Each structure stands twice: as structure tokens, then as C-alpha cells.
Amino acid sequence: MRVAQGYEVERTCRINDAYGPREWPERVLVVHSPASSERQANGLDHRLTQAETKIGALTLARGRGKRPITVETELLKAIGKVLKAQRVEGLGIRT
């Protein structure tokens, strides 16, 4: 079982400061962990499901003690708050 995979890249860094121009090599290590990726994907799926449930609850049918949002601008604002709270805004979800 592979825990992670990665690669190394070397790049040249340059700076021009009070001591004049300087440069040095820098090693960059890029690592990918399949387990971490799976946890992140599961977390995103959970947040998307929560957002979907909460957005659906914004327009529930009228009932005792329930007050659905009927004004479009208020609804869009409330949807934006849900997307932000669930950290899924900017993922191409159209409102």
C-alpha cells in the first residue's frame, strides 16, 4: 500500500536587495496523499449535502410556525449565506 507519492523540482530564486542581486537554488517537494485526498473529497460531499438540505429548507411549504422566503433577493442572500457557511461558495453552484 502506497502512503503517498511525490516528486522534487529545483528552481532558482533571485532577489535584488541592499546587498545587491543574489540567487540560490531551492528544492520544492510536491507530495500527494491518496488518504488525505479521500478525506477532503468526503468532507466536500458532506458539506454539499448539508448545503443542499439547508437551501431546500429555505422554501418549505407554509406551515405552522414556518415562514418561507418569498422575495427573490432575500432568498438569494440566504442561499449565499448557506453556501458561505458550508464553505462551498465559488464551486460553480448557480443560484
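FYI, it's all coordinate maths here, none of it is from the lab. Quantities reported herein were computed from a predicted structural model and do not represent experimental measurements. Ideal geometry is used to build each Cβ from the backbone, glycine not excepted, and the neighbour counts take in all protein chains shown.
General observations
- Loop-located trypsin sites (Lys or Arg not before Pro) in the stretch 1-40 (DSSP state not H, G, I, E or B) with no more than 10 neighbouring Cβ atoms inside 10 Å: ARG2.
- Rounded to the nearest Hz, the phi-derived 3J(HN,Hα) couplings of the stretch 26-31 under the Karplus curve 6.51 cos²θ - 1.76 cosθ + 1.60 (θ = phi - 60°) are 10, 8, 10, 9, 10, 10, where x marks glycine and proline.
- Taking the longest Cα principal axis of the chain as reference, the axis of helix 34-57 is set at about 20 degrees.
- Neighbourhood net charge (14 Å Cβ-Cβ; Lys/Arg +1, Asp/Glu -1) for ASN16: 0
- Surrounding net charge for LYS77, when Lys and Arg each add one and Asp and Glu each subtract one, Cβ distance under 15 Å: 0
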